[in-house]
Every structure is written in C-alpha cells, then in structure tokens.
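The values are calculated or read from the model by the stated rules, or taken from the named source; none is laboratory data. All values reported here derive from a predicted model rather than from experimental measurement. Note that we place each Cβ from the backbone using ideal geometry, even for glycine, and neighbour counts take in every protein chain shown. Only protein heavy atoms, including side chains, enter the accessible area calculation; ligands, DNA and RNA are left aside. Shrake-Rupley method; radii C 1.70, N 1.55, O 1.52, S 1.80 Å.
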Amino acid sequence: MSSPTITTTDDLAARAAAALDACGVDAALRTTPGGGHAVRTPITGGAIATVDATRLPAPGPAVTHAAEVFATWRATPAPVRGRLVKRLGELLNTHRADLGALVTLEAGKIPSESDGEVQEMIDVCDLAVGLSRQLHGRTMASERPGHRLSETWQPLGPVAVITAFNFPVAVWAWNTALALVCGDPVVWKPSERTPLTALASCALLARAADDVGAPAGLVQVVLGGAETGRALVDDVRIPLVSATGSTAMGRLVAPRVAARFGRTILELGGNNAAVVTPSADLDLAVEAATFAAAGTAGQRCTTLRRLIVHEDVADAVVDGIAARFAQLPIGDPFAQGTLVGPLIDGTSEERVHDAIARSLADGGTLVSGGTRRLQDAAPDAHYLEPALVTMPAQTAVVREETFGPLLTVLRYRDLDEAIALHNDVPQGLSSGIFTRDQAEAERFLSAEGADCGIVNVNAGTSGAEIGGAFGGEKETGGGRECGSDAWKGYMRRMTSTVNYSGRVALAQDVEFGG
Ligand code: NAD
C-alpha cells in the first residue's frame, strides 16, 4: 500500500514557516537573500527553508559566552535552576504540534512518532525538575576521630551537545534538561540536516529563561557540519562533550576529547538483535519486531536489525513479518495512515541496496521488500519498502549497522548459539528476547547473556522510556543519558574531609613527627 500523493514542497515550506513563527524563531534568521544554509525535507527532497548561519554564534564566541554564563548559573541553587526546566516543559507542551511538525518536516517521521519525540522532551523535563531537588551526595564514615567525610556533586561547566538527524530534538532535551539542573550551560551543534527543530527548541528555551528570569544564552545553537563539531570537541573550556551519531563520528571525537582530558558521553551506532525462542508468543514477537524494524523507516539507533530465530519457529516468524511488512503504508508521513516515511537521503537508500546486494552475495535470500517507492510522485525523495533478508550465517555485512529498513533473520538451534550470535557484533546498544520460559529470559539477562546496555524481554529493541539510563556498550560508545543516575555525568564529584577535632590526624595512622 502507498499513499498516492505527496504534499508539495511549497506547502511543506509554508508549514515549516508557520511552526517556526509559532515557536518564536526570529524571522531574520530565515531571511537569506544572499544564500544561507538550505534545509531540505526528506518528504520531497526539496528545500523548505534557508537559515542565515552568520546570525548564529561561531563555536568560539559561543563557548566564551557559555563560560561567562556558567559563573552565574553554577551559583544559582539547583531547585531554582529547575524552574527554568519546568517552564521549558510547559512551553514544549504548548508547542507540541509545532515542534512535532518540524520533526516530521526535517526527519520524515510520521506525526505519531514526532509527537512521541516531543513527549519524550517533556518527560525528561519532568524528570530533571524532580532531580533538581535530588542531586544527592552522601556521607561516609571517616576512619579518623572528629572528622566528617562526604561526597557532593558540583556543576561541571559548559557542555557541548552534538546531535544526529534522526532524533533531532529528544536527544538534545535528554542532555539539556539534565545539564541545566546540574548547573551547566549548553552549546548545541544539531545535525546540519535538522537545524529548524534546533532553532525552534532554542527559541522556546530562551522564552522560558525570560519568563523565569534565568540568564540569556544558557543554550546556544551553533550551525555547521563536522568542522563546527570539531571546534567544540577541541575547546578546552568544554569539560564534557556529549556526542550522538555514527560510530565513525565517535571514533574521531573520542580521542580528541581524551587528548585534552575532557569527558565524553558517546551515543553511537547500534546493530540491535532480538532472539525468538520456540516458547515465544509468536504473534507478539512478529508485531513487536515489525515496529522495531520498520518504524522510523529503520532510522533509529535502536532499530531492530537482526532477528535470531529458533529453527522450529523460523518459517512462521519470517512469513509473519513478510506479511506485516507488505501491509505497511509507505509514503508522505503527513498523509493519514502512513506508517513508513522516507529515508533521510539518497546515500541512505544506496547503503540499504548495497547491504542487500552484499547479503545476497553471501548466500542470503531477499524474502520481501527493498524496492524504491513513489519515484514518480517524489523523484528527489527516497521511500523504500522495508526489506526482509534471511542469512545462512552472520557475515561481515550483518555485523555492520545499515541505517535503514533492513531486517536480517538468522536461525539458531540452542540458546548458547543464539546468545553467541547476538553478541558477535561490534555494537552493543539494545536487544531483546521473546520467550515464555523464565529460565531463558533470566539467562539472557544474566552476566552470560546479552552484552548490550539495554536488554528487553518480550519487548522490541526500540522505544525506551526516559526513566532508565539510555546507552550502549562496545562501539556504541559506553555513554549513558536520561534517567537513573545519568545526571552524574554532567557534574563534578567532590570528596571532602572536614576536621573538627582540633588536631592533625593523618589517614592510615600515618605519623609525621610532631
Ligand atoms: P553522523 O555521525 O553523520 O552525525 C552526527 C552528528 O555528528 C552531526 O551533528 C554531525 O555534524 C556531527 N559530526 C560528524 N562528524 C563530526 C566530527 N568529526 N566532529 C564533531 N562532530 C561531527 O550521524 P547521523 O547520520 O546524523 O545519525 C545516524 C547515526 O547516529 C546512526 O549511526 C545512529 O545509530 C546514531 N545514533 C545513535 C544514537 C544513540 O543514542 N546511540 C541516537 C541517535 C542516532
């Protein structure tokens, strides 16, 4: 099924302008008679806006301002800092539809997913407001009489947040809501492909700051590609770089930040798998796998890319998924009923075709999908049927992240083999097992089980809640964001000894004369 028509680029541009106006983005930023940064929508491939990047700060001056504002913000009590994030959450709620429309326009997500992304921003604001009264340290027993030993958490400094195109605003919010309550200003380099959502979010934050009397410029957007990112990465005034994107990007960023003894939170590529055991509820597994693999056109870091299925149920699972894939309406995400929107660009489409070709060369079978759609209606856009491939072995192509709608099925005989296959990839983000056997589920969740940062039972790999720490191991980068104690990544740990005994007492009973 396809949506027969595609909204025109002019209509999409008008929609973008209306949403930007509603969010309070300065019209001067979009007045670019001499050119500017062209923003394309994946819905048609056409340009829907231009941004005058010269009106935005360059990385150096942005960091200078962030360092200045840090001096004020770190001295502001954390619960007062929380008021800013609370107000931001309220404004996000008011402008949910505007921001959601911009996410669809720039990233091509269907509105339900775009609105979900904005909801995620609101959720993390709620979490951060609560945290602003709970940045708890602790007191430890001192070995010395008349001494008190404690640990407290202090603001760290300006944080650089570098984000990917596929979660253009949620990932910024994960970082920013926490950073702000922790006392850190943010310099944000969004993906060069999604600057409009960034400008809109930043305008709402500026309005929130104005409303609660917080300093201006606590969050600044800098626009550009890798070079702009590198300027932030190399700036010694930035103690923390939180970078989300491909493993290739993280490989460049991590050593540069380490070389200056900075800190990173890296959220990089995933190659997520789920195991389907013979005891699984197969209808549930097929339904969950369909969303996890084809939702967001396969462009989530947590997208299900590998399904490791017991040989006794493999045919039924493959048939079930092929049938579900065939029913997915593909097309203009704004059209009623669409479930699969466009890929971000032609390079992404080529990568999927290339991965399919390599899989077939390795002995795989293309069960269904992989065909380009809507070429006549939108020749410059890239709509693709989700592809389902079965493979006799986990060859090199399966061990790579192909960032698009391509699901590979592998068969297994026993759980040891399934877990070995599951873990035998360089990435370690999200995983799942579908089973009604508790022993199998516990094994998968144990130290000998899945090696990922996120491990689910009877749930797909994508669609995490903000209450848990989010992130993955191995080439996914090891970073953690959002809930649990991820806030500690944005703070400086301070261990303090207070001597109220009136005499010098050294630890470990050390004597030094006197
Ligand atoms: P990308 O790596 O092309 O770009 C990500 C960001 O990094 C962009 O802002 C880009 O300008 C910047 N960048 C690129 N090179 C840089 C450099 N040398 N120095 C500093 N900044 C640099 O990724 P993308 O195509 O936008 O997004 C897709 C990728 O992101 C996928 O691999 C996906 O798995 C990953 N991703 C991971 C997570 C996660 O939480 N683990 C979340 C979203 C996306």
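Taking every protein chain into account, the accessible area of the chain amounts to 40 square angstrom per residue (probe 1.4 Å). Shape class for the chain, computed from the alpha carbon gyration tensor (a ≥ b ≥ c): oblate, with a/c not under 1.5 and a/b at or below b/c. Only one residue of THR347, THR194, ALA67 has its Cα farthest out toward the positive end of the dipole of the chain, where Lys and Arg carry +1 and Asp and Glu -1 on Cβ, and that residue is ALA67. Per residue, the chain reaches -12000 deg cm²/dmol at 222 nm when only DSSP H runs of four or more residues are counted, each adding -39500 (n - 2.57). Extending 7 Å from Cα along the Cβ direction at GLN327 and again at SER484 yields two label points whose distance is 3.6 nm. Taking the Cα of GLN154, stepping 7 Å toward and past its beta carbon, and measuring to each backbone N in the range 247-275: which are under 20 Å? Residues passing the 20 Å test: 261-264. FRET efficiency for the pair ASP354 and ALA14, taken as 1/(1 + (r/R0)^6) with r the Cβ-Cβ distance and R0 = 35 Å, rounds to 0.45.
Rolling a 1.4 angstrom probe over the chain with all protein chains present gives an accessible area of which 51% lies on carbon and sulfur atoms.
Dipole magnitude for the chain: computed about the Cα centre from +1 point charges on Lys and Arg Cβ and -1 point charges on Asp and Glu Cβ, it is near 1920 debye. Estimated from the Cβ-Cβ distance and a Förster radius of 25 angstrom, the FRET efficiency linking ASP126 and ARG96 is about 0.95.
Tell me whether the range 57-119 comes out rounded, prolate or oblate; compute the Cα gyration tensor, take square roots of the eigenvalues as a ≥ b ≥ c, and use a/c under 1.5 as the rounded threshold. Oblate shape, in that a/c is at least 1.5 and b/c is the bigger or equal ratio. Computed from the Cβ-Cβ distance with R0 of 41 Å, the FRET efficiency linking ALA216 to ARG436 stands at 0.15.
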